[in-house]
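Please treat every number below as a calculation from the coordinates, not as lab data. Everything numeric here is computed off the predicted structure, so don't read it as measured data. Note: ideal-geometry Cβ built from the backbone for every residue, glycine included; neighbour counts use all protein chains shown.
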Amino acid sequence: ARGYAEESAGDPLFAQAVLACLQRHVPPDTRFQVWDQLAPQLLNSLLPSPTGPPGGLGGFTSPPEDNEELLAVYMRDLAGGHLGRNPFLWWLAVHHVSLWLFEGPDKGVTEGLSTHLENLIFSSSPEVYDAVCAYGGGEGLEAAIAR
C-alpha cells in the first residue's frame with residue numbers, strides 16, 4: 001500500500017479514495033493501517049477536493065474517535081508536527097484528540113494514551129496545544145476550519 005501511495009502521491013483522485021478510508025464508518029483497524037502506513041510524509045498529500053472531503057465532513061467527525069491506536073497516532077503526528085501541510089487532517093486529529101480529552105471515555109485514560117498525551121502537551125508546538133485546548137472549549141471543527 002505504501003509503495004502505491006508513493007507512486008500516486010499528489011493525484012487528487014487517489015487522495016479522495018484514500019481519504020474515504022479514514023471515515024468513521026470504516027473499521028478502526030483499516031483506518032489505523034491507512035493512517036499509520038502513510039504517516040508522516042504521505043499524509044500531507046491527502047488533501048480533500050475543493051468541494052469537501054468524500055462523503056462530507058460528518059463522515060470523518062462523528063462519532064468521536066474511541067479507538068486508542070488511532071488516538072495515539074493522531075497525538076503522535078500532532079506532537080511531531082507531521083500534519084502541518086494538511087489542514088484537513090491536522091484539524092481532524094485535533095477534533096478527535098480534543099473530544100477524547102474533554103469528553104473522554106468513561107473508562108478513563110489508559111497508560112499508553114497517557115504517555116502520548118504527555119508527549120503532545122510537552123513536545124508539541126504552542127499552536128497544537130492551543131488548538132486542542134481551544135477546540136475542547138467547544139469551538140468545533142467547522143468553526144476552526146473556517147478561521
Quick calc, the range 26-78, dipole around Cα centre from Cβ unit charges on Lys, Arg (+) and Asp, Glu (-), nearest 20 debye, gives 240
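Please give the peptides 44-56, 67-79, 12-24 ranked by average Cβ packing (other Cβ atoms within 10 Å per residue), highest first, as a rough proxy for protection.
67-79, 12-24, 44-56
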Along the range 11-16, Karplus-curve 3J(HN,Hα) (6.51, -1.76, 1.60; θ = phi - 60°) to the nearest Hz, with x for Gly and Pro, reads 6, x, 5, 4, 4, 5
